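Everything below concerns the one structure shown next.
The values are calculated or read from the model by the stated rules, or taken from the named source; none is laboratory data. As the structure is a computational prediction, the values presented were derived from the model and not from experiment. Note: ideal-geometry Cβ built from the backbone for every residue, glycine included; neighbour counts use all protein chains shown.
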Amino acid sequence: MYKKIDIGKKILIANEEYALKNSRLLAEQKKLCLNMISSPGSGKTTILVRTINELKNKLKIGVIEGDIRTDLDAQRIRATNAPAIQIETEGSCHLSAAQVSGALDKLGVSELDLIFIENVGNLVCPSAFELGENGKVVVLSVAEGDDKPIKYPGIFAKSKVLLINKIDMLQTGVQDDFDVERVKTDARRLNKGIEIFEISAKTGEGMKNWCDWLIKAAKKLS
């Protein structure tokens, strides 16, 4: 007689165990950790580089980078003099809590105020796997269209923050059919408490409000 084993369930249970371990470590160290999720090309790494540079005298920031291949994004982070650990998933569409656990051990959490996890570019898979973070940040670029909250409700419903990036494209007329208010309305319909910041990591517009929020969130845990 054969016993049926739900492999998917076992994977999620194992992930939850590592996520709990990560959460306990961050709580003990009183550190803020944010899991940044978006489609490829939304500007996650550019946002992080700009954020690190703007907060260099206020917060010590480290980054865990997730990509299918290469350490190109980690190189960009290290160029700011911030520590970065690269995880190559070799085909997997998301980071696992076990991978993040290993990266946290190498990152030197005790020396940091804020840890970002830049997840693999994908709005679906990463939202299903908890990593032990304090919260998720979803990035939506103007170039992607304003229908993403209703097409991919899961990640918008779970996120603490929504960053609407590349708003400079609206002002130049490059992308004039993106309805910012529609995005805000749809996101808040899914998640009443979500914080929303309109930013341009390229020009710096709106970055102060985002950075001020980070400072307050990090201080609450310290």
**Message:** Looking for something in contact with a Gly (Cβ under 9 Å, 6 or more places away or on another chain), surrounded by 18 or more Cβ atoms within 10 Å (Cβ to Cβ) and either over 30 Å from residue 62 (Cβ atoms) or at pLDDT below 95 (or both) - is there at least one such residue anywhere in the stretch 176-187?
**Reply:** yes
**Filtered residues of the stretch 197-207 (kept if surrounded by fewer than 19 Cβ atoms within 10 Å (Cβ to Cβ) and at negative phi)** = 202, 203, 205
**Asked** Has the stretch 208-219 got any residue that is surrounded by fewer than 21 Cβ atoms within 10 Å (Cβ to Cβ), part of a loop (DSSP other than H, G, I, E, B) and touching a residue at least 24 places away in the same chain (Cβ under 8 Å)?
**Response** no
**Item:** strands (runs of 3 or more DSSP E) fully within the stretch 22-108 counting 1 or more residues that are in contact with a helix residue (DSSP H, G or I) (Cβ under 9 Å, 6 or more places away or on another chain) and more than 23 Å from residue 160 (Cβ to Cβ)
**Value:** 61-67, 84-88
**Asked** List the pairs whose first member sits in the stretch 174-198 and is in contact (Cβ under 8 Å) with a residue 24 or more places away in the chain and in a loop (DSSP other than H, G, I, E, B), whose second member is among the hydroxyl-bearing types (Ser, Thr, Tyr) and crowded, with 16+ Cβ neighbours inside 10 Å, and whose Cβ atoms are under 8 Å apart, counting only residues at least 6 apart or on separate chains?
**Response** 191/159; 194/159
**Asked** For residue 117, are the conditions met, namely being among the aliphatic types (A, V, I, L, M) and part of a helix (DSSP H, G or I)?
**Response** no
**Fill in**
Expected single match for in a helix (DSSP H, G or I) and surrounded by 19 or more Cβ atoms within 10 Å (Cβ to Cβ) among 164, 150, 155 is 155
